[in-house]
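A short write-up of the structure that comes next.
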Amino acid sequence: MPLPPPDKLRELATMFATNAPAADSFEPFSETRTKLAKYSKMALIGGAQSGLQTGVTALSGVATTSVNVGIGSISLFPLGAALGPWLVALAIGITANGIFALHDLRTAATRSNGYPCSCGKCKANLTYVIDRKENNTAIKAVSVFTAGLPFIADRIWSIRKSFRKDSPKENVCTSLIEGARGGCVCAIASIMMLCGEWKQNEKANAELVVDAVAIIWSSDGAKKLKSKW
């Protein structure tokens, strides 16, 4: 599928702002993704059958949502409640948008429409990502003719850097997540694009979206995003 169109990402940014938890209450990626995946699966089933049925209740001042689509009920956090119907609409109404590469997204970051950057850091972040990915490709190409030595050397250096507290790669991941949480459409799109391969004329892949949202919404999201590229 192509990258979700800008209007859908603006809707997602609004969900983040509306359902944002306290800064110290983000859960680990694995727990967050499990919750989102369960809700998303049930929402898609419900949407395909007779429509999503939700009931929102307040418990100790915190909103929770009970979802029932014939296979049981699950109580989840508010973001899951908002994301389910959004995924259903995305799967039904996805359209091609011309954004299929990080280079395109970097260009779009400086425009006022489409996938604009509102955090002020996306162009620099994407430049780092692109340069790093192209460098990795070049190293692999050279390694074919040199018994893999450049690739091995680069992997050793990467492992050493991974133990550094503030590696450039991790800083870029953290910056993208901070931008996404703040509602930057370009940052959200960048994280989604780094989560997998987005192709035209293919069915919407809810798993890629869930991965991206879980990365943005988790306490160790930067570490997970770092492992994607």
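Structure notes:
- Hz values of 3J(HN,Hα) by residue in region 183-198 - Karplus curve (6.51, -1.76, 1.60), Gly and Pro given as x: x, 6, 4, 5, 5, 4, 5, 5, 5, 4, 5, 6, 7, x, 9, 10
- For the set Lys121/Lys228; Lys123/Lys169; Lys8/Lys226, the pairs lying more than 18 angstrom apart at their alpha carbons are Lys121/Lys228; Lys8/Lys226.
- Across region 212-219, rounded Karplus estimates of 3J(HN,Hα) from the backbone phi angles (6.51 cos²θ - 1.76 cosθ + 1.60, θ = phi - 60°) give 5, 5, 5, 5, 5, 9, 10, 6 Hz, Gly and Pro being marked x.
- Region 169-229: C-alpha gyration tensor shape, a/c 1.5 cut-off, then a/b vs b/c: prolate
- Mean Cβ count within 10 Å, highest first, over the residues of peptides 216-228, 102-114, 174-186: 174-186, 216-228, 102-114
- Couplings 3J(HN,Hα) for region 112-120, derived from phi with the Karplus relation 6.51 cos²θ - 1.76 cosθ + 1.60 (θ = phi - 60°), are 7, 10, x, 10, x, 9, 10, 8, x Hz, where x marks Gly and Pro.
- The amide H of Glu27, built 1.01 Å from its N in the peptide plane, has Ser219 as neighbours under 5 Å, considering only residues 5 or more places off or on other chains.
- A crude spin-label estimate for the pair Ser219 and Asp131, with each label 7 Å from Cα along the Cβ direction, gives 3.4 nm.
- Simple label model, 7 Å out from Cα along Cβ direction - Ser30 to Ala17, nm: 3.5 nm
Read-outs throughout are calculated quantities, based only on the coordinates presented, and are distinct from any laboratory measurement. Quantities reported herein were computed from a predicted structural model and do not represent experimental measurements. Positions of Cβ are generated from backbone atoms using ideal geometry, with glycine treated the same way; all protein chains shown enter the neighbour counts.
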